[in-house]
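The values are calculated or read from the model by the stated rules, or taken from the named source; none is laboratory data. If you're wondering where the values come from, they're calculated on a predicted model, not measured in any experiment. When we count neighbours, we look across all protein chains shown, and the Cβ atoms used for this are built from the backbone with ideal geometry, even at glycine. Calculation scope for accessible area: heavy atoms of the full protein, side chains included, ligands and nucleic acids excluded. Shrake-Rupley method; radii C 1.70, N 1.55, O 1.52, S 1.80 Å.
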Amino acid sequence: MRRVILILLILMQIMFFINYIINDGVIFFNIYVWALLSLISLTAGWRATNSEPNLYENSNIHLALSITLLLMSIMSLIFILLIIITRPYFL
């Protein structure tokens with residue numbers, strides 16, 4: 001179940017990046033949702049890297065998913081800060 005949650009959070013982070021690339025004009029509607037999701041993903045990624053995988057999970061896949069989610073959430077938070085600095089009218 002943790003693997004599914006990690007994959008869904010990674011896909012949601014990718015969705016927000018694609019949403020900004022396709023249409024950056026509507027980002028002000030969901031920048032707060034994106035920031036909240038990034039904080040939740042950061043917490044989930046941090047907890048997943050510090051926890052052990054379940055008995056039936058491969059430890060390499062678990063570690064790769066958790067580090068990917070952690071890095072994507074950090075990149076997302078940096079990108080949100082960049083948007084806030086360069087385009088404050090999106091807030």
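Looking only at residues in the stretch 52-71 that are in a loop (DSSP other than H, G, I, E, B) and modelled with pLDDT of 80 or more, which one is nearest to Ser38 (Cα to Cα)?
In this case the residue turns out to be Glu52.
Restricted to the stretch 54-91, and to residues that are among the aromatic types (Phe, Trp, Tyr) and open to solvent by 90 Å² or more (accessible area, probe 1.4 Å), which residue is farthest from Tyr20 (Cα to Cα)? Before the answer, list the steps.
Taking the stretch 54-91 as the starting set, the residues that turn out to be among the aromatic types (Phe, Trp, Tyr) are 56, 79, 89-90.
Now narrow it down to the ones that are open to solvent by 90 Å² or more (accessible area, probe 1.4 Å): 56, 89.
Numbers: Tyr56: 37, Tyr89: 15 Å.
Going through the qualifying residues, I end up with Tyr56.
Among Asn23, Asn30, which is surrounded by 12 or more Cβ atoms within 10 Å (Cβ to Cβ) and modelled with pLDDT under 80?
Numbers: Asn23 fails: surrounded by 12 or more Cβ atoms within 10 Å (Cβ to Cβ).
After applying the criteria, what remains is Asn30.
Among the residues of the stretch 36-53, which ones are hydrophobic (A, V, I, L, M, F, W, C) and surrounded by fewer than 16 Cβ atoms within 10 Å (Cβ to Cβ)? Before the answer, list the steps.
Initial filter on the stretch 36-53 (hydrophobic (A, V, I, L, M, F, W, C)): 36-37, 39-40, 42, 44, 46, 48.
Matches in the stretch 36-53: Leu36, Leu39, Ile40, Trp46.
Any residue at all in the stretch 76-88 that is among the basic types (Lys, Arg) and outside any helix (DSSP H, G or I)?
In the first step, residues of the stretch 76-88 are kept if they are among the basic types (Lys, Arg); the result is 87.
Narrowing the set further to residues that are outside any helix (DSSP H, G or I) leaves 87.
Checking the stretch 76-88: at least one residue is among the basic types (Lys, Arg) and outside any helix (DSSP H, G or I).
When you scan the stretch 37-50, do you find a residue that is modelled with pLDDT of 90 or more, of a type in the set (Ser, Thr, Tyr) and out of contact with any Leu (no Cβ under 6 Å at 6 or more places or on another chain), even just one?
Checking the stretch 37-50: at least one residue is modelled with pLDDT of 90 or more, of a type in the set (Ser, Thr, Tyr) and out of contact with any Leu (no Cβ under 6 Å at 6 or more places or on another chain).
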